[in-house]
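Colleague: Please read through the structure below; I'll follow up with questions.
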Amino acid sequence: MGRGVRELLHDGHPTACVGDAAFGCVNAFRARVQGDATALERLIETAYRDMKVRLGAKAAWEGI
């Protein structure tokens, strides 16, 4: 994964964060079907990049 990513439990669910900003959580349910691993990897990478952009824009707006 990318730089600055940390994992924590939020409401009992594993959550991936950039700083304090969550961009994904993972959970397992018996009644759900398995997904395409490549598609899932792309989804996670896209969410990570999106959160980094949003945090950069927020920092620029706040003058950080």
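Values quoted throughout were computed directly from the atomic coordinates according to the rules given, and no laboratory measurement underlies them. This one's a predicted model, so the numbers in the text were calculated from it and none came from an experiment. For neighbour counting, all protein chains shown are included, and Cβ atoms are generated from backbone atoms with ideal geometry for every residue, glycine included.
Colleague: Measure nothing but the geometry: give the 0 to 90° angle between the long axis through the Cα atoms of 37-62 and the longest principal axis through the Cα atoms of the chain, rounded to 10°.
Modeller: In the chain, helix 37-62 runs at an angle near 20 degrees to the longest axis.
Colleague: Could you pull the Rg and Dmax for the chain, using just the Cα atoms, both in Å?
Modeller: Values for the chain (Cα only, Rg and Dmax): 13.8, 46 Å.
Colleague: Loop only per DSSP, at most 15 neighbouring Cβ atoms within 10 Å: give me the trypsin sites (Lys or Arg not before Pro) in the stretch 2-31, ordered by residue number.
Modeller: Arg3, Arg30
Colleague: How large is the charge dipole for the stretch 1-46, taken about the Cα centre, if only the Cβ atoms of Lys, Arg (+1) and Asp, Glu (-1) carry charge, to the nearest 20 debye?
Modeller: 100 debye
Colleague: At 222 nm, what value in deg cm²/dmol follows for the chain if DSSP H runs of at least 4 each add -39500 (n - 2.57) and the sum is divided by all its residues, to the nearest 500?
Modeller: Helices in the chain give a 222 nm mean residue ellipticity of -14500 deg cm²/dmol.
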